[in-house]
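The values are calculated or read from the model by the stated rules, or taken from the named source; none is laboratory data. Remember, it's a predicted structure, so these values are computed and weren't measured experimentally. Positions of Cβ are backbone-derived with ideal geometry, glycine not excepted, and every protein chain shown enters the neighbour counts.
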Amino acid sequence: MMKAVLLKQEGDAAQLYIGEYPTPVAGAGEVLVLVHATALNRADILQRQGHYPPPPGVSPVLGLEVAGVVEALGPGVTRWKTGDKVMALLAGGAYAEYAVVHQDLAMPMPEGWTFEQAACIPEAFLTAWQALQLLAQTQPGEKVLIHAGASGVGVAAIQVATRLLGASCMATASAAKLPLCQKLGAERLVDYRSEDFATAVSEWTAQQGANVIVDFIGAPYWRKNLDSLAMDGRMVILAMMGGAVPDYTTPLGAILRKRLHIMGSTLRNRSLEYKAELVRSFWQHAEAAFHAGHLEAVIDRVFDWTEVAQAHTLMESNANQGKIVLMC
């Protein structure tokens with residue numbers, strides 16, 4: 001048995017506690033990782049509330065990313081050896097002393113990084129890479145609008161857009177969070193509480209519109225996002241933090257006239273083959289940038305995992321800038 005963060009019942013953060021849970025065993029092609037750190041994601045909040053159950057066969061323990069040390073190898077593992085420091089993507093099970101990871105979903109920790117830093121990378125950066133490169137196919141010089149720019153995925157997306165893909169970036173966030181977005185590479189900053197982002201996009205692009213939008217807000221931004229897209233613009237919707245149903249009708253003419261591509265995406269329930277290719281593609285482009293310090297982990301706060309309820313409460317307050325980390 002091992003210790004893991006468990007739920008008394010679905011509900012608020014007070015339902016989280018550390019208890020005993022069976023230690024997983026590495027199967028074919030998998031490694032057992034001794035977890036040193038994990039990071040929070042919105043999916044953890046939704047799962048805790050009962051709105052986002054794990055895919056069939058996946059651990060019900062919360063957590064989608066880990067940083068730790070390879071403890072044991074399952075049959076057929078060729079990429080790793082015991083003692084390797086890795087950061088990895090999971091479909092569940094990260095809030096625990098041990099986690100099982102497929103060998104193709106792990107990446108080597110950058111030299112000199114701490115486990116806290118490494119835990120911030122897998123889910124956030126792979127989600128950003130999926131949205132901007134695999135789905136939106138962002139090109140150098142294009143204009144990219146990233147909403148919730150100081151969120152965990154937002155800070156990764158700004159870096160991916162500007163430092164890996166060579167795009168120009170506008171970010172929306174509350175005023176206190178905009179300096180972080182600027183530091184990471186956003187050239188146009190919008191305080192969503194006091195400025196209309198659609199007007200800002202029009203001015204920023206000389207009335208041409210943004211080529212790519214990455215949205216986490218959903219319903220409240222739907223119409224303005226459509227208005228803000230350029231001809232052949234692409235929008236990737238990753239979350240619906242503001243709601244799922246717009247409270248107004250949407251004329252379809254703009255979608256047809258501007259030949260828009262509207263995409264929704266999740267990562268957790270993708271196939272192993274898809275996620276393995278995503279990891280391979282991202283690491284091929286990002287490895288040198290991490291080692292050179294061109295990509296960075298952005299940590300808002302580090303909690304001991306005995307403080308998991310406080311960590312979840314912080315994320316739900318939307319006060320964090322960057323990732324919230326749990327040390328196991």
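Scanning segment 105-117 turns up one or more residues that are surrounded by 19 or more Cβ atoms within 10 Å (Cβ to Cβ), free of Cβ contacts under 8 Å to residues at least 60 places away in the same chain and either assigned by TED's automatic domain parsing to the domain that holds Asn41 or not in a loop (DSSP other than H, G, I, E, B) (or both).
I need the full set of residues from segment 12-33 which are surrounded by fewer than 17 Cβ atoms within 10 Å (Cβ to Cβ) and either part of a strand (DSSP E or B) or within 23 Å of the chain's Cα centre (by Cα) (or both), in order please. Those that are surrounded by fewer than 17 Cβ atoms within 10 Å (Cβ to Cβ) and either part of a strand (DSSP E or B) or within 23 Å of the chain's Cα centre (by Cα) (or both): Asp12, Tyr17, Ile18, Gly19, Glu20. Annotation: Asn320 fulfils all but one of (1) at negative phi; (2) part of a loop (DSSP other than H, G, I, E, B); (3) assigned by TED's automatic domain parsing to the domain that holds Thr199; (4) modelled with pLDDT of 95 or more; the unmet one is (3). Here Leu260 meets each of (1) in contact (Cβ under 8 Å) with a residue 40 or more places away in the chain; (2) touching a Leu at 6+ places or on another chain (Cβ under 6 Å); (3) buried (at least 17 other Cβ atoms within 10 Å of the Cβ) with one exception, condition (1). Of all residues in segment 177-193, none are of a type outside the set (S, T, N, Q), touching a Cys at 6+ places or on another chain (Cβ under 6 Å), in a helix (DSSP H, G or I) and modelled with pLDDT of 95 or more. Of the residues making up segment 242-269, just one is within 14 Å of the chain's Cα centre (by Cα) and closer than 16 Å to Ile146 by Cα, namely Ser265.
Scanning segment 129-169 for residues that are outside any helix (DSSP H, G or I), among the aliphatic types (A, V, I, L, M) and more than 15 Å from Val236 (Cα to Cα) yields a count of 3. Residues that are acidic (Asp, Glu) and under 23 Å from Arg48 (Cβ atoms) do not occur anywhere in segment 235-249.
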